[in-house]
Amino acid sequence: MEKVKKTDAEWQAQLDDMQYKVTRKHGTEPAFTGQYHDCETAGMYHCICCAAPLFASGDKFDSGTGWPSFDRPANEAAVAEKSDSSLWMRRTEVLCNQCDAHLGHVFPDGPKTTGMRYCINSAALALTPNTPNKEE
């Protein structure tokens, strides 16, 4: 799989201001403001930049933090992790492995299933809802 690479100007033309700030400039949306923090729609969450599948709704849980939280990525190759020492603390940044978009951070305080909490900005995601099967 080849990495998606674009210039800053191309990303700015594709994304709205918050999406660009979060994904390309490693920003964070304010807690409880993103469209997916309390979303219960079944489906797949994709990268807003490159449409790579990142997180399944079945792995989403309410962490009470104000950001969508997942206990695992859709598959191990979907995301990359990088040490982040900004804001005077040590954290693990989560990036889209396809286009290097900043998604959020992962913490070892998630549910018992994996023990992980992928705390992801809504602005970095696009939800594709599951479509119900239609009877022929």
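The values are calculated or read from the model by the stated rules, or taken from the named source; none is laboratory data. Because the structure is predicted, anything quoted here is derived from the model rather than measured. All Cβ positions, even for glycine, are placed from backbone atoms using ideal geometry, and neighbour counts span all protein chains on display.
Overview of values
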item: Only one of Ala51, Ala56 that is over 23 Å from Gln12 (Cα atoms), under 14 Å from the mean Cα position of the chain (by Cα) and of a type in the set (A, V, I, L, M, F, W, C); result: Ala56
item: Some residue of the range 114-130 being at pLDDT below 95 and charged (D, E, K, R); result: no
item: Matching residues, the range 64-122, being over 23 Å from Thr33 (Cα atoms) and basic (Lys, Arg); result: Lys82, Arg90, Lys112
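One line per residue, one yes/no per condition, for (1) under 12 Å from the mean Cα position of the chain (by Cα); (2) closer than 19 Å to Glu93 by Cα; (3) in contact (Cβ under 8 Å) with a residue 24 or more places away in the chain:
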position: Lys5; (1), (2), (3): no, no, yes
position: Ala9; (1), (2), (3): no, no, no
position: Gln19; (1), (2), (3): yes, yes, yes
position: Thr28; (1), (2), (3): yes, yes, yes
position: Gly64; (1), (2), (3): no, no, no
position: Pro68; (1), (2), (3): yes, yes, yes
